[in-house]
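K.L.:
My questions all concern the structure below.
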Amino acid sequence: LLAEVKPTKPNKDVIDKYGIKDFPAIIVIPPPAAEDSSLGGSSEGNAEVIRYEGEGFTRNKLQGFLGKHALKNPVIPPKKKKETEGEDTKKKEEPKKEGVKTEL
């Protein structure tokens, strides 16, 4: 999970939960392990937060940090069948307009 958290009152709970003290800050919250998710409970509170400790936010340093902690395979949500099927049937149901030809 990658997100920007600004030091505002609504974000106070998030800042306290993950121990963010200096801004700007980058943290990585890894997904729960397969073992943890099988317990039936959410292991979000137990996730170990990984902080970016680098000096400055240069492209190479950020790319190295994020590449090190990125998932190996992308997470793609399943497509919604109802919406895509509904759009396809609407297109099929529209009759083609026939043009009227007139000769002068």
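The values are calculated or read from the model by the stated rules, or taken from the named source; none is laboratory data. Just so you know, these numbers come straight off a predicted model, no measurement behind them. Positions of Cβ are generated from backbone atoms using ideal geometry, with glycine treated the same way; all protein chains shown enter the neighbour counts. When the accessible area is computed, the model is the full protein with side chains, heavy atoms only, and any ligands, DNA or RNA have been set aside. Shrake-Rupley method; radii C 1.70, N 1.55, O 1.52, S 1.80 Å.
K.L.:
When Lys and Arg each count +1 and Asp and Glu each count -1, what net charge do the other residues less than 13 Å away from PRO7, Cβ to Cβ, add up to?
P.N.:
0
K.L.:
PHE23 accessible area, nearest 10 Å², 1.4 Å probe?
P.N.:
Its heavy atoms expose roughly 80 Å² to the probe.
K.L.:
When only the heavy atoms of the protein chains count and the probe is 1.4 Å, how do ILE76, ILE20 rank by accessible area, highest first?
P.N.:
Order by accessible area, largest first: ILE76, ILE20.
K.L.:
Another one. Once fully extended, how much extra length lies between THR8 and THR102, figured as 0.36 nm per residue of separation less the alpha-carbon to alpha-carbon distance?
P.N.:
This chain segment gains 27.0 nm when fully extended.
K.L.:
Determine the gain in length on full extension of the stretch LYS80-TYR52; use 0.36 nm per residue of separation and subtract their C-alpha separation, reporting nm with one decimal.
P.N.:
Result: 6.5 nm gained on full extension.
K.L.:
Here's another thing I want to ask about it. Could you sort out which of LYS9/LYS72; LYS6/LYS79; LYS17/LYS80; LYS6/LYS61; LYS12/LYS81; LYS6/LYS81 sit more than 28 Å apart by Cα distance in this structure?
P.N.:
Checking Cα-Cα distances, LYS9/LYS72; LYS6/LYS79; LYS17/LYS80; LYS12/LYS81; LYS6/LYS81 exceed 28 Å.
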